[in-house]
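Chemist: Supplied in C-alpha cells, the structure appears directly below.
The values are calculated or read from the model by the stated rules, or taken from the named source; none is laboratory data. Treat the numbers as computed from the prediction; the structure is a model and nothing was measured. A quick note on method: Cβ atoms are made from the backbone with ideal geometry, for glycine too, and the neighbour counts reach across all protein chains shown.
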Amino acid sequence: MLALFCAVLAWSGYRPHDTFTWFLEVMPALLGLAIVAGLWNRFRFTDFIYWWITIHCIVLMVGGKYTYAEMPLFNWLRDEFGLARNYYDRLGHFMQGFVPALISREVLLRLGVIARPRWLNPIIVAIVLAFSAFYEFVEWWVALATGESATAFLGTQGDPWDTQWDMFMCTTGACLALLLLSRLHDRAMQRSLKR
C-alpha cells in the first residue's frame, strides 16, 4: 500500500496542472500518512481501513494532479452526457465522508468509546460532517489568504451552492459507508484481533 501511495504521489507531482493547487490538494494525503505512521506502534488499523485510506489518498492525488475541476475522465463524462460541471470534486467530497466514517467507526469501536451501539452511526455521521465543515473553513481561509491563486483549490465551478453540495456529498458518503460496509468492517476487525 505504501509503495502504491508513493508511486501515485510521484506521478501526481510530476508536472501537475498547477503546482500550488497540487500542494493544497495533496497535503491532506501527506498529513494522513504522517498520522498513520505516528500511530503505527500505538494503534494499528485493520488492512481494510488502510486500503480505504490508500484509495482516498489516490483520489486526493489525482485531484491534485489535474485540479478537481479539470480531471480528464470527468471532463469527458461532462461533455459526453451534457453535464453542467466536472463532478470529480463531488467524488472527492463523497470520499471525504466515506473513508473518515470507516476510520471513525474503527476508532470508536476498538477503543470502546460508545456505550450504546444505536448511537454509533449518528455520532460517526456527526464527526464526519463536522470534519467536512472544518475543511470548508480551511478552503475559505486559504482563499482569503492567497486570493486568486486559490480558485482552482476551491473548485466551485461557478456553483453558489458548492459548499453545501460538498457537505451533502460528504454526509452521503458517510451514510453509504456505514450502510454498505459495516458488516465487512466488523469481520475485518475480528480477523485482526485473532492475529
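Chemist: Within the stretch 15-23, does at least one residue satisfy the condition of being closer than 19 Å to residue 165 by Cβ, part of a helix (DSSP H, G or I) and not aromatic (Phe, Trp, Tyr)? Steps first, please.
Modeler: Here is the first cut: in the stretch 15-23, the residues closer than 19 Å to residue 165 by Cβ are none.
Scanning the stretch 15-23 turns up no residue that is closer than 19 Å to residue 165 by Cβ, part of a helix (DSSP H, G or I) and not aromatic (Phe, Trp, Tyr).
Chemist: Going through the stretch 24-50 one residue at a time, which ones are closer than 19 Å to residue 108 by Cα and assigned to a helix (DSSP H, G or I)?
Modeler: First pass over the stretch 24-50, keeping only residues closer than 19 Å to residue 108 by Cα: 32, 35-36, 38-50.
Of everything in the stretch 24-50, those that are closer than 19 Å to residue 108 by Cα and assigned to a helix (DSSP H, G or I) turn out to be 32, 35, 36, 38, 39, 47, 48, 49, 50.
Chemist: Please tell me if residue 29 is over 14 Å from the mean Cα position of the chain (by Cα) and farther than 20 Å from residue 188 by Cβ.
Modeler: Values: over 14 Å from the mean Cα position of the chain (by Cα): no; farther than 20 Å from residue 188 by Cβ: yes.
No: the conditions fail for residue 29.
Chemist: Yes or no: residue 78 modelled with pLDDT of 95 or more, over 12 Å from the mean Cα position of the chain (by Cα) and farther than 27 Å from residue 107 by Cα? Can you show your working first?
Modeler: Working: modelled with pLDDT of 95 or more: no; over 12 Å from the mean Cα position of the chain (by Cα): yes; farther than 27 Å from residue 107 by Cα: yes.
Taking the combined requirement at face value, the residue does not satisfy it.
Chemist: Does the stretch 93-107 contain any residue that is under 20 Å from residue 15 (Cβ atoms) and either over 13 Å from the mean Cα position of the chain (by Cα) or surrounded by 22 or more Cβ atoms within 10 Å (Cβ to Cβ) (or both)? Working first, answer last.
Modeler: Going residue by residue through the stretch 93-107, those that are under 20 Å from residue 15 (Cβ atoms) are none.
Looking for residues that are under 20 Å from residue 15 (Cβ atoms) and either over 13 Å from the mean Cα position of the chain (by Cα) or surrounded by 22 or more Cβ atoms within 10 Å (Cβ to Cβ) (or both), one finds none in the stretch 93-107, hence no.
Chemist: Taking the stretch 56-76, which residues are free of Cβ contacts under 8 Å to residues at least 60 places away in the same chain, surrounded by 15 or more Cβ atoms within 10 Å (Cβ to Cβ) and among the aliphatic types (A, V, I, L, M)?
Modeler: Selection gives 58, 59, 60, 61, 62, 71.
Chemist: From the list 46, 19, which residue is over 17 Å from the mean Cα position of the chain (by Cα), β-branched (Val, Ile, Thr) and surrounded by 15 or more Cβ atoms within 10 Å (Cβ to Cβ)? Step through it out loud before you land on a result.
Modeler: Working: 19 fails: surrounded by 15 or more Cβ atoms within 10 Å (Cβ to Cβ).
Selected residue: 46, the only one of 46, 19 that is over 17 Å from the mean Cα position of the chain (by Cα), β-branched (Val, Ile, Thr) and surrounded by 15 or more Cβ atoms within 10 Å (Cβ to Cβ).
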